[in-house]
Structures are given as structure tokens and as C-alpha cells.
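Here's the structure, in C-alpha cells; my notes come after.
No lab work stands behind these numbers, since they all come straight from the coordinates. These numbers were taken from a predicted model, which means no experiment stands behind them. Glycine gets a Cβ as well: all are built from the backbone with ideal geometry, and neighbour counts include every protein chain shown.
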């Protein structure tokens, strides 16, 4: 059973979201909230597995809630619901270790998959946003530099990078490629070294932004 807290300040949208979540027998909706302050209070008191938060709410916004949870080393995973597809907001969400980023326009279709994916410890980003990131990157002035970096990768490393772009976990990649978990971790480390990237979720972000090049 996956325990959830859901927060959104639009009653009609919240009701629709609760109906979709309630249709899955593996989900247990512990609490709902209509403001950021109320959401934080209910997360702290009920300790859900996952909190589904509207990014823009009265009182505290989603980022402020996540910062408070991080300060307390809270284990609850967070999925953001948002109307914003701006790349800088996604970057900030990933930096703060938000596991899911779901656009409201597709939320009722995406949310069950998002919850199940995040519960497994994997990231979920709405497909429309992933495609937009890729499209945006195609016109980047740094495209040639990216291509040169990717050329440094071995065939096996490129295969792993493709799977990361498909939002596969290390365990899933190991199974798909018939190699050990430790081997995948070593490849991931080597890829980061060759691409000159570091930090939480940097490899996932690079893979999504540059999927067309490998």
C-alpha cells in the first residue's frame, strides 16, 4: 500500500485527482490540503510515502515545502504538479531531489504511473516536458560540444545513457543489459567523468536534454 498526501488549491482539480488515485487499490490517500502550510503540516504528521504537491499554492509553495522536508531529512518522496514547463523550474526541482514533475494538462493520465514510478525510487517527468527539453536542446549553441563529449563514450556507455534517458533505474539497466548492478554503477561514474558533469540528477538531466545525440 502506497500512502499519499495530496495538495492543490483548486477544488475541482483536487477532486478529479483524488478520484483517479482512489481507483487504484494500492493507493491509500491519508490526507488532502488546499494550501502549502496545511500540506507541510499534514506531511509531517502523517508521514506519507509520497506527497503530491501543486507547485503554486497559497502560503508556502512547493519549493519551500521541499526545502523544509529536506532540512528535516524527511523520507517522503515528492511529486510536483504544475502548469509551468520552464526548464529552470525543473532544474530547481531536480536539484532539491524532487522525484516527480507532472504537468497539470496531463496529470489525470500520468499520475498513477508517476506515483508507481516514484515509489520505486525512480524519477518521473511528463513526456510532454521531456520532449520539450529535447527540442530546446537541439537548438542550443552548445550542441557541437555535446556531440564531441558523447563521442568519448564507449558503445556500452552510450547504451546505458539511452536507458537513463528512458528513466530506467540502475537495477533495471542491469537486467536489460545482463550485467551486474555494480558494473552499471561503474559505467555511470565513467560517463559522468567523460561528460564533465557531477551532482545529484546531473546525468538524468544531461540524458534527457541530449537524447537526440546518442
Would you kindly state how much longer the chain becomes between residue 97 and residue 12 on full extension, computed as 0.36 nm times their sequence separation minus their alpha carbon distance, in nm to one decimal? 27.7 nm
For a quick size check, give me the Cα extents of segment 140-213 along its three principal axes, largest first, whole Å. 36, 22, 20
Restricting to DSSP H runs of at least four residues, report the calculated mean residue ellipticity at 222 nm for the chain, -39500 (n - 2.57) per run over all residues, nearest 500 deg cm²/dmol. -16500 deg cm²/dmol
Separation of the residue 151 and residue 72 label points, Cα + 7 Å toward Cβ, nm: 5.2
Extension reserve of the residue 25-residue 1 stretch, reckoned as 0.36 nm per residue once the Cα distance is removed: 7.8 nm
By how many nm would the segment from residue 197 to residue 112 lengthen if fully extended, with 0.36 nm per residue of separation less the alpha-carbon distance? 27.4 nm
Give the calculated FRET efficiency between residue 182 and residue 47 to the nearest 0.05, with a Förster radius of 41 Å applied to their Cβ-Cβ distance. 0.80
Roughly speaking, what is the centre-to-centre gap between segment 90-104 and segment 174-210 when only Cα atoms are used, to the nearest Å? 19
Convex hull volume of the Cα atoms in the chain, per residue, in Å³? 122
